[in-house]
Amino acid sequence: MAHHSRAPWHGNERLAGHVRTIWSDDGTFVAAVVHPDIPTAPLDEQEANGRLLIAAPDLLAACKRYQQFIGTIEEAVNNGPEAMDAHYDTMTAVFNQARAAIAKAEGREE
């Protein structure tokens, strides 16, 4: 299976009001969100779509980390409350990573 372009992804300002390009950190072209002069989604919706695309690698990483963390927690639950306490910092980090990825996708600063 092919891998996606290296994260993080960044978007440029709209070019001539019609195109927003998305690039990986190493300068690889990833995608373009185009706003042609034909009926299509409103510009604000297209920009939201672009933000979601830009955040895709962060969202994928957060989901993978969450999935891994849940497996760790399942083991800890079987070993008692003390084992759970040992994972508090990791749980907080996983939560913060997911919150930041969602904020990026929604165009908010976190």
*Looking only at segment 39-49, count how many residues are among the hydrophobic types (A, V, I, L, M, F, W, C) and surrounded by 15 or more Cβ atoms within 10 Å (Cβ to Cβ).*
1
*Restricting the search to segment 67-106, which residues are in a loop (DSSP other than H, G, I, E, B) and free of Cβ contacts under 8 Å to residues at least 24 places away in the same chain?*
ASN79, GLY80, ALA86, HIS87
_When residues of segment 32-60 are limited to those that are touching a helix residue (DSSP H, G or I) at 6+ places or on another chain (Cβ under 6 Å) and over 26 Å from VAL94 (Cβ atoms), the one modelled with the highest pLDDT_ = VAL33
*When the residues of segment 50-107 are filtered to those that are over 30 Å from ALA31 (Cα atoms) and among the aromatic types (Phe, Trp, Tyr), which remaining residue is surrounded by the most Cβ atoms within 10 Å (Cβ to Cβ)?*
PHE69
*Given the conditions (1) part of a helix (DSSP H, G or I); (2) without any contact (Cβ under 8 Å) to a residue 24 or more places away in the chain, report the number of the one that GLU109 does not fulfil.*
(1)
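The values are calculated or read from the model by the stated rules, or taken from the named source; none is laboratory data. All values derive from a computational prediction rather than experimental measurement. Methodologically, a virtual Cβ is constructed for each residue, glycine included, from the backbone with ideal geometry; neighbour enumeration extends over all protein chains shown.
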